[in-house]
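The values are calculated or read from the model by the stated rules, or taken from the named source; none is laboratory data. What you see is a predicted model; the values in this text were computed from it and never measured. As a convention, Cβ positions derive from the backbone with ideal geometry for all residues, glycine included, and neighbour counts pool all protein chains shown. Side chains included, ligands, DNA and RNA excluded: accessible areas come from the protein's heavy atoms. Shrake-Rupley method; radii C 1.70, N 1.55, O 1.52, S 1.80 Å.
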Amino acid sequence: MGNMFLFSLIVAIASALVLIPIYKDDKSTDKKSNKKSTKGDRRLLPGAIIAVLVILIPSVFAYYYFTNYDRNLSSLWVYAIIITTLGALISTGMERKVKALLFAASLILGIYFLTAFLFNADEKYEIAQMDQKVEIKTFDEKETPASVPPEFARNKMKKAFGQVPNTSYYELGNLQIQKVNDDYVYIAPVEFSGFFKWWKGKETPGYFTLSATDSSANPKFIKSEMIYTPSSYFNKDIERHIRMQFPKHIFYGDVQLEIDDEGKPYYIRSYGEFVSARNGFDVKGVVVVDSMNGDTKSYTLSEVPEFIDGAVSPEIVSLQNSYFGNYIHGFWNSLFGKSDVKLPSDEGTEANVSPIFNQNGVMYYFTDFTSPKEGVDSMLGYSLTNSRTGEATYYTGNPEESYMDSQGALQIIEKKFIEKKWHGEMPVIYNFYGEASWLTPVLDSNGFLQNYFIVSAANPEISVFGVTPNEALKQYKTALQRGGGSVDGSSKADEKQITGTVLRVYKEKSGDFTVVSFLLDNKKSYILSSEKEPLVIYLKEGDKVNVTYLDTEENFLPAKEIVIEGLE
């Protein structure tokens, strides 16, 4: 608080010196000679300066206190233009010329700040540069993706709000997904519902958790008092508390709640620096606040504590996706020629991006990119940004195929369930069995989860839905076989061989190919398309075969090769 008062005092004194004429020419009449004095009577005007200080000090203090604006001198550029303009108009003589020069300097600085975006597009693109690859690794079907949509999670938490003591004082805060003790969960703080509730309550009672992978799980309320929160007021407001501790830090994005493995809640906020002239943003680290006692620490991205998943806020990732997609050839190209421009989608669940986890439990923000041309739903690529380091990879997809974007996947779902008025949320692209595929939770009009929809990004006619992601995956593998798609199995499934006798055979025509399902004498079933093994169409009961397959532990194991005795 003392730092802010000192800052306000310095700004007010400097403003008063510019605004108030220091000297005043008084060409008074000489009573004895009855002549006007040709020499000015210079008199200091301390009263006016004091009056201005009395007005400006609380005004500047109140502005920075209530806006939580950074207290860097560059933040005063608009204020400087106003003060120097008034100072030049009020003063006279040589003083006016000096203050006019100050006005000109502040105006030039203001023009520089206002036009910086025209010249720093190349720097923004360099900051947002991504490694480039063709395709993400194949998804391990033994895992369960974090696929519970936030709208559904929020609805379940609201229905469980009766667990909160003094319920009328509080409301549900923003959802945040993270990994806690190897489980993927949604976290939502309990927040004050207004000023008077904060005045009486002083602290919030805790937060909710809910599994992000199991849609049948129920929310749990965790008691953990928090004093410094987004819904608190004055010095207990979390953003103001952070600003008081770090008056010159440049923050971008909202504060987020993070839970350590012992269940202790912390609030975090990403900070960085401007690209140039208070324009653009480059993330550098994160500030972490103990929500109970207010202890605050600043970490660079390389020093972030292990329990923090979202050190880089989703708002920053969305901004950098915009830099990467729009400024490949500079600012003007992003408006007119649009050569090689790709637009990040706005279908994400947090600031237009969707948080997902890889097989190692590391959180990434997913975004797909589409063409700026209207009416085109073809995906140009997609990105994954590490939420702890900010490092990003851009995936172009198979260059021989055209991928449908997230908007196209949502439109298919809307048409599929048009009578029920169901809709998709949080579409994320995965590599299922070697096929780029959109996995999307489907919700009804009340926001409750109904099923999971999977559709091929390259072959939209191949689509399935199931009650759980894993059930949908099983159906999808069969649909790919029938549709002539490529089924390469999961990244961790072992390739094995088996020799046996065919007990039963089922054949189904699918386009130009036939999908053959067969049961061996080991009582296990296998599935194979004639696209891979044309001779499989001649398979019959009693044949002795040698099968190469992937041990995915499913009811129908995907076969890769088959050798039929007598048809070698």
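Brief remarks on what is shown
- Alpha-carbon spread of segment 47-143, three principal axes, descending order, Å: 79, 30, 13
- Sorting 442-450, 381-389 by their mean Cβ neighbour count within 10 Å, with the most densely packed peptide first, gives 381-389, 442-450.
- Compactness index (Cα Rg / 2.2 N^0.38 Å), segment 327-390: 1.29
- Using θ = phi - 60° in the Karplus curve 6.51 cos²θ - 1.76 cosθ + 1.60, the 3J(HN,Hα) couplings for segment 404-416 round to 6, 7, 5, 5, x, 5, 5, 5, 4, 5, 4, 6, 5 Hz; x is entered for Gly and Pro.
- For residue 309, no residue whose modelled amide H falls within less than 5 Å of its own remains once neighbours fewer than 5 places apart on the same chain are excluded.
- Peptides 538-549, 217-228 ordered by packing proxy, namely the average of other Cβ atoms within 10 Å per residue, highest first: 217-228, 538-549.
- Using a cutoff of 8 angstrom between alpha carbon atoms and counting only pairs six or more residues apart, the relative contact order for the chain works out to 10 percent.
- Cα gyration tensor, segment 108-186 - rounded (a/c under 1.5), prolate or oblate: oblate
- Listed residues 455, 275 arranged by accessible area, highest first, probe 1.4 Å: 275, 455
- When all alpha carbon pairs of segment 290-403 are counted in 5 Å bins from zero, the resulting P(r) reads 2, 11, 19, 19, 18, 13, 8, 5, 3, 2, 1, 0 %.
- Residues 504, 71, 96, sorted by accessible area with the largest first, give 504, 96, 71 [1.4 Å probe; ligands and nucleic acids excluded].
- Equivalent ellipsoid dimensions for segment 186-232 as semi-axes, Å, which come from the Cα gyration tensor, largest first: 25, 9, 8
- Average projection area in nm² (convex hull over Cα atoms of segment 246-351, one quarter of hull surface): 8.4 nm²
- Each listed q (0.14 Å⁻¹) maps to a log10 I(q)/I(0) for segment 366-464, found by the Debye formula over equal Cα scatterers with no solvent: -0.55.
- For segment 149-159, Karplus couplings with θ = phi - 60° (6.51, -1.76, 1.60), whole Hz, Gly/Pro x: x, x, 4, 5, 4, 5, 4, 5, 5, 4, 6
- Estimated [θ] at 222 nm from DSSP helical runs (n ≥ 4, -39500 (n - 2.57)) normalised by residues in the chain, nearest 500: -8500 deg cm²/dmol
- Above 38 Å, the calculated P(r) of the chain contains 48 percent of its Cα-Cα pairs.
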